Every structure is written in structure tokens, then in C-alpha cells.
Amino acid sequence: MRRKRKNLERKDLHVISKIKRKKFHPALHKISKEKCISQGCLFYMKEYGPRSHVARVIVKEALGILLLTSIISSVAGIGLESIKSHFTLIIPLIILLPALNNAIGGFGTIIGSKFTEFLYAGKIGRKWWKSEELKELLKFVYLVGFVSAIYISVLTFIGSILVGVAISLSMIFVLGAIAIITSMILLGVVFVITVYTGLKIYEKKEDPNNFLIPITTAVADFFTILIFAGLVFLIF
Amino acid sequence: MKEKLHKELADIFKSQLASLTLEMFAGVLLAISLDKILLIPSILILLPGFMEMRGNISGTMSARISSGLILGEVKPKWRKNKILKGNVLASFILVVVDSLILGVVAWAITLFIFGVSSMTVIWIALAAGILSNALQVPIVTYMTFWFFKKGHDPNDVMGPYITAIGDLLSTFSLFLLVIVV
């Protein structure tokens, strides 16, 4: 039978807002049990409650990982700078890159968030490779990754027409090949990193959500640009 | 269980395709403005980090507001909203610090690896960061409230749109600033 949620008293609210972010206080468990309020809700109140300075909390928690991921992507920018001359010659590549980057980053987010969800739901144990859900996720990501790569190539073709650049059939195949090869390699890399890092973080009793999504998107962005630059260098 | 997973993944796939279509416009804008953008040395080093920053700041902001909306701690209104105000302020602080550092990193890489020194990239990064944030914050907040009011979990659908809009606005802001400079 579902228990009724009770109102939170002022003294409870005071206790929650006073608890330090990294500290697990027994009061949280007690209040959650007595008042039937989820741990997630109490966590949110602890972070952004009436006594907390919202902006300060956010800046303190987010700045480090934000700077790290931005700098990793900037390093990947060296790859772009080194193929600058090809860029000016082949405009379709410019149209292809943001979409390809977005697709791989998006899949990084999906893999990261779904993996965390499976971990919390107990669908992934020590023998993670036996998890049916994980196998389904991998199949889905590869299938959709392949379809997305083809879709990106078609979009690049349309975009090139919009810009007024003539694009040959062989060029469309080359762009398609770049999109498919980059996607297929990186989906595997992101998947392996997610499983390895996610399990390590989960073992340390921390929330993998906070780390997996920034890490997987940064890794995806970094390698997308590097593989892309490498392929452009090889092909052209 | 499998059906539920397939349904969720199908929803994600739809929003992914929509965001890819938006990304094409970011690419087209980048292609149109390429001859202007390439006039500034090291702008291509700045670009990936700048786009990453936009997506990360707006993405986490939307996720925080969504969690608050779902938990009932945040109301979907613009005025007298302490958590929303705090999030907006934090996004601007993060943008200023991150853009400055990205600009300095791009300048340093260009100087030490390519032997070219141009401080312009630092000011462009800072100004474009502030401009794109000022444009994206209201859009992201409006969309988060809208999806919530329509009964969706903004966490499930906002991600791909945020990165696509972020890329579009980042390119637009950089293009505008390069023209001004």
C-alpha cells in the first residue's frame, strides 16, 4: 500500500539545508523514511534550499568539469587548424562537421544516461556483458548511428546546395564514408569508456550521471574531430 | 520491459534526427561565414571548445530546472523564481570564466604550435560567449517550461535540441563578432 507523503517541518528543512554537499547525513535517511519524500527530492533541497546561494553552488560544482571538457575540445581544434587549407577547398566538410559532432556527442549522452539507469535498476551486475538491456542498447546505438551517418550525408548534400556549392556523386560517397567510419569507430570507444568509467564510479558510491555525460561527450567530440581530420588528411 | 526500452529509444531517435536537421543550418551558417571567420588566426582551435561549452552550460541548466520542476521545487514562472535566477546568474559567470580561458588556450596554442600571436581571439571568445548565452538562456528556459507544461519530462527531450541550438547560436555569435572586429 502506498504511504501518504507528510509535510516537511521547518526544523527538518533547516537540518537539510545545513548539511554539507559531500556529506551523507543520517537525518536525510530518517526524514525520507518518516515523511515519504524521495532521496532525490531531499538532495535537491540540500543543494538549492532556502539557505543556499544557488549560483555559487552551481559555479563551484560545474566549473572544474566544464573547463576540463572545453579544453579537451580545444586541443581537438588543433586537428581542425591543421586541415584549414582543405576546409576552404571543400565547403561540404564544414556543413558535415557540426552535425557529425552533435550525433556522436548525442549518442555519448544516451549511452551514459541509459547505462546509469540500468545500474540503478540493478540490470547490470559484475558480469555486465551478460546484461540483455545493455546488448539491446548497443544494437540500437549502432543501428541508429549508421542511419544517422547516412542522414547526415544527405543533409550535407542539401546544405551544400543551399550554400550554392556543386557537389559530385563521388564526393557524396566520400562524405558518407567519412561519416559512417567516424561514427562506427567512436560508438565503440564511447561504449567501452562508459562501461569502464561507469562501473568504477558506481563502485565508489557516487552518481555516474554527474561524470559520465560530460566525459562521454568530451571524449566523443575530441575523437570525432581527430578521426575526421585524419580521414580528411588521408582522403584529400 | 524491452518494449518500454524500445519506445524510449525511439523517442530519443526522433529528437536526435530533429537536432541533426538543425545542425545542418549551423553548418550552412559556418560555411557562409567561413571566409570571414578564417581571417582571425586560431578561431578553428576555439570553435570546438566554444560549442562544447555552450551545450554543457545550457544542458546542465535545463537539467537542473527540469529536476526542480519535476520535484515541485521550481515553479514554471519567470518572476520571483530564486532557483531560475540563480541558474541564469551561474550560467553567465561560467560563460565569462570559460570563454576567457578558452580564448587564452586558443591564443597560446596558436602562438606555441603555429607561431602566430593574435590576442583578438580572446576578446572574440568572451564577447561571443556572453552574446550566445544571452540569446540561449531565454530560449532554453522557455522550452523547458513548455515541455514540462505539456506533460513531457524535459530531461528526455531537451538534450539534442540544446546542443543543436547552442551550435547554431555559437556560430552566429562568432560570425557577428568577427564582422564587428
Residues (open to solvent by less than 20 Å² (accessible area, probe 1.4 Å) and facing chain A (nearest Cβ under 7 Å)) located in the stretch B:12-41: B:Q16, B:S19, B:L20, B:E23, B:M24, B:A26, B:G27, B:V28, B:L30, B:A31, B:L34
Would you confirm whether any residue within the stretch A:157-180 is modelled with pLDDT under 80 and surrounded by 14 or more Cβ atoms within 10 Å (Cβ to Cβ)? yes
What residue, among those in the stretch B:132-181 that are farther than 13 Å from B:L29 by Cβ and of a type in the set (F, W, Y), is most open to solvent (accessible area, probe 1.4 Å)? B:Y142
List every residue pair whose Cβ atoms sit under 9 Å apart, with the two residues 6 or more apart in sequence or on different chains, where the first one lies in the stretch A:85-111 and is under 18 Å from B:V28 (Cβ atoms) and open to solvent by 20 Å² or more (accessible area, probe 1.4 Å) and the second, anywhere, is at pLDDT below 80 and charged (D, E, K, R). A:T88/B:D35; A:N101/A:D221
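Within 21 Å of the chain's Cα centre (by Cα), in contact (Cβ under 8 Å) with a residue 24 or more places away in the chain and on the phi < 0 side of the Ramachandran plot: is that true of A:A121 in this structure?
Numbers: within 21 Å of the chain's Cα centre (by Cα): yes; in contact (Cβ under 8 Å) with a residue 24 or more places away in the chain: no; on the phi < 0 side of the Ramachandran plot: yes.
Spelling it out, it is not the case that A:A121 is within 21 Å of the chain's Cα centre (by Cα), in contact (Cβ under 8 Å) with a residue 24 or more places away in the chain and on the phi < 0 side of the Ramachandran plot.
Quick check on A:F140: is it facing another protein chain (nearest Cβ under 9 Å) and in contact with a His (Cβ under 9 Å, 6 or more places away or on another chain)? It would help to see each step written out before you state the result.
Details: facing another protein chain (nearest Cβ under 9 Å): yes; in contact with a His (Cβ under 9 Å, 6 or more places away or on another chain): yes.
So A:F140 passes the test.
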Of (1) more than 10 Å from chain B (Cβ to nearest Cβ); (2) assigned to a helix (DSSP H, G or I), A:I167 satisfies every one except (2)
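If you scan the stretch B:17-47, which residues turn out to be outside any helix (DSSP H, G or I) and touching a residue at least 60 places away in the same chain (Cβ under 8 Å)? Break it down into steps so the answer makes sense when it comes.
First pass over the stretch B:17-47, keeping only residues outside any helix (DSSP H, G or I): B:38-42.
B:L39, B:I40, B:P41, B:S42, listed by residue number.
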For B:I113, the lone unmet condition from (1) more than 20 Å from B:N56 (Cβ to Cβ); (2) of a type outside the set (S, T, Y); (3) at pLDDT 90 or above is (3)
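Residue-wise test of (1) of a type in the set (A, V, I, L, M, F, W, C); (2) more than 22 Å from B:I124 (Cα to Cα).
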position	(1), (2)
B:L22	yes, yes
B:P41	no, no
B:L46	yes, no
B:I57	yes, no
B:R64	no, yes
B:L69	yes, yes
B:K77	no, yes
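Take the stretch A:112-132 and flag every residue that is under 24 Å from A:T217 (Cα atoms), of a type outside the set (A, V, I, L, M) and open to solvent by 50 Å² or more (accessible area, probe 1.4 Å).
Restricting attention to the stretch A:112-132, the residues satisfying the condition of being under 24 Å from A:T217 (Cα atoms) are A:112-121, A:123-124, A:128-129, A:131.
Filter once more, keeping what is of a type outside the set (A, V, I, L, M): A:112-118, A:120, A:123, A:128-129, A:131.
Answer for the stretch A:112-132, where residues must be under 24 Å from A:T217 (Cα atoms), of a type outside the set (A, V, I, L, M) and open to solvent by 50 Å² or more (accessible area, probe 1.4 Å): A:E117, A:Y120, A:K123, A:W128, A:W129.
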Enumeration of residues in the stretch B:62-82 that are at the interface with chain A (Cβ under 8 Å from one of its Cβ atoms) and open to solvent by less than 10 Å² (accessible area, probe 1.4 Å): B:G68
Please specify each residue of the stretch B:34-68 satisfying the condition of being modelled with pLDDT of 80 or more and over 22 Å from A:I71 (Cα atoms). B:S62, B:A63, B:R64, B:I65, B:S66, B:G68
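The values are calculated or read from the model by the stated rules, or taken from the named source; none is laboratory data. The structure displayed is predicted, hence computed values, not measured ones. Using ideal geometry, Cβ is built from the backbone for each residue, glycine included, and neighbour counts are taken over all protein chains shown. We work out accessible area using only protein heavy atoms, side chains counted, and drop any ligands, DNA or RNA first. Shrake-Rupley method; radii C 1.70, N 1.55, O 1.52, S 1.80 Å.
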